[in-house]
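Since the structure comes first, as structure tokens, the remarks are kept for the end.
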Number of protein chains: 4
Amino acid sequence: MTTIDLNSDVGESFGRWTLGDDEALMPLITSANVACGFHAGDPSTLRRTCAQAALHGVSVGAQVGYRDLAGFGRRFIDIDPPELVDDVIYQIGALQALAAASGTAVRYVKPHGALYNAIVHHREQAAAVVEAVRAVDTTLPLLGLPGSVLLELAENAGLRTVREAFADRAYTPEGTLVSRRLTGAVLHDPAEVAARMVRMVTDGVITAVDGNDVTVTAESICVHGDSPGAVQMAAQVRAALQRAGVTIGAFA
Amino acid sequence: MTTIDLNSDVGESFGRWTLGDDEALMPLITSANVACGFHAGDPSTLRRTCAQAALHGVSVGAQVGYRDLAGFGRRFIDIDPPELVDDVIYQIGALQALAAASGTAVRYVKPHGALYNAIVHHREQAAAVVEAVRAVDTTLPLLGLPGSVLLELAENAGLRTVREAFADRAYTPEGTLVSRRLTGAVLHDPAEVAARMVRMVTDGVITAVDGNDVTVTAESICVHGDSPGAVQMAAQVRAALQRAGVTIGAFA
Amino acid sequence: MTTIDLNSDVGESFGRWTLGDDEALMPLITSANVACGFHAGDPSTLRRTCAQAALHGVSVGAQVGYRDLAGFGRRFIDIDPPELVDDVIYQIGALQALAAASGTAVRYVKPHGALYNAIVHHREQAAAVVEAVRAVDTTLPLLGLPGSVLLELAENAGLRTVREAFADRAYTPEGTLVSRRLTGAVLHDPAEVAARMVRMVTDGVITAVDGNDVTVTAESICVHGDSPGAVQMAAQVRAALQRAGVTIGAFA
Amino acid sequence: MTTIDLNSDVGESFGRWTLGDDEALMPLITSANVACGFHAGDPSTLRRTCAQAALHGVSVGAQVGYRDLAGFGRRFIDIDPPELVDDVIYQIGALQALAAASGTAVRYVKPHGALYNAIVHHREQAAAVVEAVRAVDTTLPLLGLPGSVLLELAENAGLRTVREAFADRAYTPEGTLVSRRLTGAVLHDPAEVAARMVRMVTDGVITAVDGNDVTVTAESICVHGDSPGAVQMAAQVRAALQRAGVTIGAFA
């Protein structure tokens, strides 16, 4: 029987500012990418989010990012790789302590936002993230984009890597994501999205933008929770997978 | 044979800004209160400082503080105690990860600046710090001021507490520190300071401002390193203690 | 004919995080207390908010606060008064430039959150705010709480002061606000709130918590916009005042 | 008689952290690039620095940068240009208010660090800086690198532009700076540096790294003050220019 993980970004509120409906999302997912305070997430938000994850049996991952609250970690920063190593270690350690205080633990790492995008190609920053994870715990898996330099370097370094697909994104015939700058890059129909993910999990293919099937192999599906519509879409993806006999389970 | 610990604040540089001569100080002390990023200390500074401590066999302590880089943690902040709990857990965890990456570990906690001063009396914030330390590791000692609410609550909660004396501060006849607002609160003569500390360690007394002896019991002496003169004074205190047959050794 | 000003806090979003429905609120108010980046408000939010204010003919005020994004300026900070002077000047100047770029100008100053509360009594911090406003522009009015040390010192210093009433707050028989810690401190019925404000404006009295009338003199009424219910309440207050023949107009 | 301006970065301390010897530098320069709080400089530092500049008759410039205290503005940030416009307006406005409170005014703008380097080529960010300056005051000159996209766009937009030479940098035969990554990019001999600057001002040429003369036209020379040696070098450059009959005077 096939198993798939559902991951989502959570814990991204900050102080007075709330973002996302983590409570509604938590029962739907199996892996929670919890912000670590550098792009979002104050310590109390992190702890509360870890406690929610523990309550629902959801795996906690460290969603590490650039130090940029004003930009929400969505702006590339040309940080020196050795400093990035330490920034990532700091973030993972902080979350580990709050996760432990909530009766759970950090089980994987997933880079966030502009860092995630940069280390698809940026070899030095990708190597820095790999080095940081290894410095903390060589058994922590890295969740990332299939074909990314990050996962290539992580594998070479002996880390477990976990590939993810994006539920609401269009794919090129080469199996990469259609750039957000192009029309049609983001899908909005929950039924279509759910059907695509069922097909990806059961048949290993997604219909690309040219109408042909493209092979996509993933152990996890990334869903969103930052709007009521997003939570609704996540619920439909989960339900459709379950109807298709797929087991929803954490990879870590 | 008597043993005493020498502790000092280190790791307080931030990015481009350097503070203190950690390299000169490290061979002189036995416990390093390493900043944790909230009042000072970027992740790379923390890691480098932990590595220096490891090299010199110095114990690493988490110097937790208010989230206030602009104020260097020296301004009282009326933070909600539950948030302070989480802020402190976050800081300890972050330093734990960087210490581990440097081949050492966090062995105690010492609050910094305005937080240190507040929790001499502020019961709710003191309880928050105690709760945070317990949430991370019930075997971590708390280093603080004799007679403070912090140490009282920490003991009640089953934590090990370690009392410290201040090398360069004048004492009242009651054994408390003379307020910095009063003339003569801070001592500047290294020879006098060294002699006072020898007497405190060997006889358990310090000459108070009224000329009488006052009993001061401490397992650690706090010295400074933020100026060439401060490092010089720390060296003289250490040398005088060793000449008096006192062993300089970490409490943790 | 009587005239009253309606003021509200706006421009308190930050980066990815949205707070309050400024667009819905702007047509209802006459004075916009725009955050200045220290407790909330990134520069683009400030500029956009100033532009909305200009569009609706709403006066822009500088809502200055403590430097504390994580605490949203709601935690007292024991900052040295000379530093507070400069922090306030910095904030006003930053908003002045963004207001000018939006075709309007800063017409008054209103302290925010914990700073607002502190300088009801804290003489040194109140004096610092007064000094800062005078350093920027001696013709800028200060909007604040009747009976506060802030307004007393501002008047002594020759600044124009503007008193405000709080639409949704209960009043003591002495004419001060009932502490938020007590039940009934905040009123939730829009019709009742609107009726109270009409009475305050037309008769100069509010029914205190003991049932007796208490004299309240104010040139401005503070309303909120951080929830759909709050905007709705602001709309009802405005409509009721207009029905009662009161002119809604900016004080500045 | 020839006149040249000497500019330097100042006001870059932050809270407890001191950087540069502004007091020693101020009598030597004619234009002070004062940090604006985003990469360095707290409000009290800015005000104190403006007051020193006023005392010595030195022109104050707004040294605007990326919002990155941890990186001191030395890391490229891929910020959206419209947000950069507002960040720059905010910074200039904040400094304007503090300069006015110190009895002086902002007379020009000079981008800092990674922003300075980026907008030598990055057209969108350069246009953002130009737009910001124009939004604040169309008479404010922009100080920058000869041949940069920034100065090209600023001129096209009708702003006054001021070209600067770097006292301690080697030049290519094309008149651009030798990359800091190459050996010999930075010059350390004060006498040599001073002689080069005299020649640049009086003859309009600098000896390039290939030994040939290259034409360099500049109205200002950038000197440093972040070390005792740097201040010493600035003093020698100034003295040599004066001995050569050159007048040292602000461009603004």
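The values are calculated or read from the model by the stated rules, or taken from the named source; none is laboratory data. Fair warning: this is a prediction, and the values are worked out from it, not measured in the lab. Ideal geometry is used to build each Cβ from the backbone, glycine not excepted, and the neighbour counts take in all protein chains shown. SASA here: full protein model, heavy atoms, side chains in, ligands and nucleic acids out. Shrake-Rupley method; radii C 1.70, N 1.55, O 1.52, S 1.80 Å.
A few remarks follow.
- Which listed residue is within 27 Å of B:E12 (Cβ to Cβ) and touching a residue at least 24 places away in the same chain (Cβ under 8 Å), from B:A208, B:A114: B:A114
- Of residues in the range A:131-141 being open to solvent by less than 10 Å² (accessible area, probe 1.4 Å) and within 14 Å of chain B (Cβ to nearest Cβ), the one nearest to A:Y90 (Cα to Cα): A:A132
- Residue in the range D:18-36 that is in contact with a Phe, Trp or Tyr (Cβ under 7 Å, 6 or more places away or on another chain), modelled with pLDDT of 95 or more and within 13 Å of chain C (Cβ to nearest Cβ) present: no
Let's see how each residue does on (1) open to solvent by 10 Å² or more (accessible area, probe 1.4 Å); (2) within 18 Å of the chain's Cα centre (by Cα):
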position	(1), (2)
D:T18	yes, no
D:L28	yes, yes
D:A35	no, yes
D:G65	no, yes
D:A70	yes, no
D:R75	yes, yes
D:D78	yes, no
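- If you check C:T202, C:T207, C:T176 for being farther than 30 Å from C:D87 by Cα and open to solvent by 60 Å² or more (accessible area, probe 1.4 Å), only one passes: C:T202.
- Filtering the range B:179-197 to residues that are open to solvent by less than 40 Å² (accessible area, probe 1.4 Å) and in contact with a Lys or Arg (Cβ under 8 Å, 6 or more places away or on another chain) leaves B:A185, B:L187.
- The range B:223-252 residues that are surrounded by fewer than 21 Cβ atoms within 10 Å (Cβ to Cβ) and among the small types (G, A, S), paired with ones that are at pLDDT below 95 and not in a helix (DSSP H, G or I) (beta carbon under 6 Å, 6 or more apart): B:A230/B:H224
- Of all residues in the range A:112-130, none satisfies being over 30 Å from D:D86 (Cβ atoms) and within 9 Å of chain B (Cβ to nearest Cβ).
- First in the range B:91-105 and at positive phi, second anywhere and in a helix (DSSP H, G or I) and open to solvent by 20 Å² or more (accessible area, probe 1.4 Å), Cβ under 8 Å, 6 or more apart: B:G103/B:A51; B:G103/B:A54
- Members of the range D:51-63 found to be within 12 Å of chain C (Cβ to nearest Cβ) and either more than 17 Å from the chain's Cα centre (by Cα) or modelled with pLDDT under 95 (or both), listed by number: D:A51
- Considering the range D:80-105, and only residues there that are within 19 Å of the chain's Cα centre (by Cα) and open to solvent by 20 Å² or more (accessible area, probe 1.4 Å), the residue that is nearest to the other protein chains (Cβ to nearest Cβ) turns out to be D:Q96.
- Any hit, the range A:142-158, residues being in a loop (DSSP other than H, G, I, E, B), away from every other protein chain (no Cβ under 14 Å), among the charged types (D, E, K, R) and open to solvent by 20 Å² or more (accessible area, probe 1.4 Å): no
- Taking the numbered list (1) assigned to a loop (DSSP other than H, G, I, E, B); (2) open to solvent by 10 Å² or more (accessible area, probe 1.4 Å); (3) touching a strand residue (DSSP E or B) at 6+ places or on another chain (Cβ under 9 Å) in turn, C:H121 passes all entries but (3).
A quick yes/no check of all residues on (1) in contact with a His (Cβ under 9 Å, 6 or more places away or on another chain); (2) under 13 Å from D:V214 (Cα atoms); (3) at pLDDT 95 or above:
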residue	(1), (2), (3)
D:L140	no, no, yes
D:S148	yes, no, yes
D:E155	no, no, yes
D:L159	no, no, yes
D:R163	no, no, yes
D:A170	no, yes, yes
D:E174	no, yes, no
D:G184	no, no, no
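- Taken over the range D:106-118, the residue count meeting the criterion of being surrounded by fewer than 22 Cβ atoms within 10 Å (Cβ to Cβ) and hydrophobic (A, V, I, L, M, F, W, C) is 1.
Conditions (1) under 28 Å from B:G37 (Cβ atoms); (2) assigned to a helix (DSSP H, G or I); (3) not small (G, A, S), marked per residue:
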residue	(1), (2), (3)
D:V60	no, no, yes
D:D87	yes, yes, yes
D:Q96	no, yes, yes
D:A126	no, yes, no
D:A132	no, yes, no
D:A135	no, yes, no
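- Checking each residue in the range D:1-16 for being within 11 Å of chain B (Cβ to nearest Cβ) and either among the polar types (S, T, N, Q) or open to solvent by 10 Å² or more (accessible area, probe 1.4 Å) (or both) picks out D:E12, D:S13, D:G15, D:R16.
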